[in-house]
Amino acid sequence: MGKQTSDARSAEKRAIKHCSHWIGGKPWDGEAERHGDIYDPATGQVTGQVDFAAPAEVDLAVSAAADAFREWSRVSLAKRATVLFAFRELVRTHADELASLITSEHGKVAADAAGEVARGLEVVEFACGIPHLLKGGYSENVSTNVDSYSIRQPVGVVAGITPFNFPAMVPMWMFPLAIACGNTFVLKPSEKDPSASLLLASLWAEAGLPDGVFNVVHGDKVAVDAVARHPGIAAVSFVGSTPIARYVYETGTSHGKRVQALGGAKNHMVVLPDADLDLAADMAVSAGFGSAGERCMAISAVVAVDPIGDDLVGRIRERISGLRVGPGTDERAEMGPLVTGPHRDRVASYLDSGVREGATLAVDGRAHPVIGGAAEGFWLGPSVLDHVTPSMSCYTDEIFGPVLSVLRAPSYSSAVDLVNSNPYGNGVAIFTCDGGAARRFVSEVQAGMVGVNVPIPVPMAYYSFGGWKASLFGDTHVHGTEGIHFYTRGKVVTSRWLDPSHGGINLGFPVNA
């Protein structure tokens, strides 16, 4: 009996997948000293192991990227665009496989996972236009016989440190532009859902990207510190929580790097009394509970301007009752589990603390039914805390889960003051039928991305994504033209060429006697 149990355990160990680094155009074949478990959030079961990089592995990746930079930075824009177009087609072909990996390791339902891949692809498509995006300027005769022109050149080896909630999209907000600009890239994805990054690495290789231009190292804080401090890395892009964003920014800049670090959020949705309340309720539910609320642009605070608060909460409650929670592999599911058990427990704790601090628990997601899911999964249904005030921890903290806080405001001005006094400034939305009120709100509100009757105002790839205040460290947003500027350095050339009549070479032109 003991031998059978041992054999079963050995078979189970062999069945789980193993994720390692991608360095120099191929999987790393070394032996890692430390590892992390990969979970299926819908079952709570360990489905794989991921190697954690030590500084030595980060060194290997940076060295491979530095070697590749010497050639890749000199490759023509036409050739770079050709590789990018090939990569785009391969991502499109493997979109379902990428989405399936995201669902299996993050827990997103199929529609959310497919949407993530599609939004990442938008940046790849934008990067395909790199010959146009890198055009400089030229001014003739700025002084007598003197011309000036500007060019942008790659910065070198650059790195991205990306979060668990978008394991494909957020990396694709970074590396397509960085690589298109002539840089080489080292990606440190979240250790919670590492497989999508490895599939993307293999697709780059298949697209014809030279070895070493794109590398992946997995790990925890050890790998993050090695990236942020490495002398061979010129720039770091980061997306994650505000405390870690601040840490990466301060660490990276103190080591001479260019850093853009996007932090946390507390995104508000202001609903004026004239708004279409059915639309507002629909949008509050989809924007608050899509991807289980695990996204930095999720609506986490609804600000209802008197007197529509009770009516709006009633409509939100009605819609939540029909929301289907279940595994991402179940076609009926509209919301999946949270990414880990400890994270689920932390998010659920705000329901109790909110009530203790005076809020009303309008919807308790702990009682929400789960369709077809294992009891051991990391489940928490959509929840609503009503009559929340700005001093409560459920409002001051970024919960990063399916908990919607509803605050009441007596007027438009007090609603704007509430939003602007929050330390975060990532995204904000207003729902109204009054164009003048919307225009004034867009001008007055202090946030980097604003939606008018749009709850999650994530810009298209040709605009740039980023917040204000504690939601961004650094002064450059991601993708769009700001992304191009982050991954390049400007150079201005001023030149004078003497006319041949000043003793230059004889060009053989006819001379008028």
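Looking only at residues in region 251-306 that are among the acidic types (D, E) and more than 23 Å from K469 (Cβ to Cβ), which one is surrounded by the fewest Cβ atoms within 10 Å (Cβ to Cβ)?
So the first thing to find is which residues in region 251-306 are among the acidic types (D, E), and the list is 274, 276, 278, 282, 294, 306.
The next check asks that each one be more than 23 Å from K469 (Cβ to Cβ); those that pass are 274, 276, 278, 282, 306.
Values: D274: 13, D276: 14, D278: 11, D282: 15, D306: 13.
Here the residue is D278.
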Practice item. Please give the number of the condition H218 fails out of (1) more than 24 Å from A201 (Cα to Cα); (2) in a loop (DSSP other than H, G, I, E, B). Key: (1)
Check your understanding: So S254 clears everything in (1) more than 24 Å from W22 (Cα to Cα); (2) of a type in the set (G, A, S); (3) in contact (Cβ under 8 Å) with a residue 60 or more places away in the chain except one condition, right? Which one?
Key -> (3)
Exercise for review: Any chance you could count how many residues in region 55-77 are crowded, with 18+ Cβ neighbours inside 10 Å and either within 30 Å of P342 (Cβ to Cβ) or modelled with pLDDT under 95 (or both)?
Suggested key: 3
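Select the strands (runs of 3 or more DSSP E) contained entirely in region 225-315, then report the ones holding at least 2 residues which are more than 16 Å from the chain's Cα centre (by Cα) and of a type in the set (V, I, T).
On the way: elements: 235-239, 258-262, 267-271, 299-305.
Those strands (runs of 3 or more DSSP E) span 267-271, 299-305.
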Exercise for review: Pairs only if they're at least six apart or on different chains, beta carbon under 8 angstrom, first in region 295-320 and in contact (Cβ under 8 Å) with a residue 24 or more places away in the chain and within 20 Å of D364 (Cβ to Cβ), second of a type in the set (D, E, K, R) and surrounded by fewer than 17 Cβ atoms within 10 Å (Cβ to Cβ); list them, first residue then second.
Suggested key: R315/D278; R319/D282
**Study point:** Check on R88, surrounded by fewer than 18 Cβ atoms within 10 Å (Cβ to Cβ) and either at pLDDT 95 or above or under 23 Å from A127 (Cα atoms) (or both)
**Key:** no
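Going residue by residue through region 78-85, is there one that turns out to be loosely packed, with under 13 Cβ neighbours inside 10 Å, at pLDDT 95 or above, more than 30 Å from I371 (Cα to Cα) and in contact with a helix residue (DSSP H, G or I) (Cβ under 9 Å, 6 or more places away or on another chain)?
Yes, the conditions are met somewhere in region 78-85.
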Point to revise | Filtered residue count, region 308-323, keeping only those that are closer than 16 Å to P273 by Cβ, buried (at least 16 other Cβ atoms within 10 Å of the Cβ) and either of a type outside the set (A, V, I, L, M) or outside the structural domain of I371 (by TED's automatic domain parsing) (or both) | key: 2
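Do any helices (runs of 4 or more DSSP H) lying entirely in region 94-195 carry at least 3 residues that are surrounded by fewer than 23 Cβ atoms within 10 Å (Cβ to Cβ), and which ones are they? Even if it seems obvious, please write down each step before you answer.
Details: elements: 95-106, 110-127, 130-133, 169-180.
Correct list: 95-106, 110-127, 130-133.
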Check your understanding: Residues in region 102-122: is at least one in contact (Cβ under 8 Å) with a residue 24 or more places away in the chain, touching a Cys at 6+ places or on another chain (Cβ under 8 Å) and hydrophobic (A, V, I, L, M, F, W, C)?
Key -> no
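The values are calculated or read from the model by the stated rules, or taken from the named source; none is laboratory data. Just so it is clear, the model here is predicted, and its values are computed rather than measured. Using ideal geometry, Cβ is built from the backbone for each residue, glycine included, and neighbour counts are taken over all protein chains shown.
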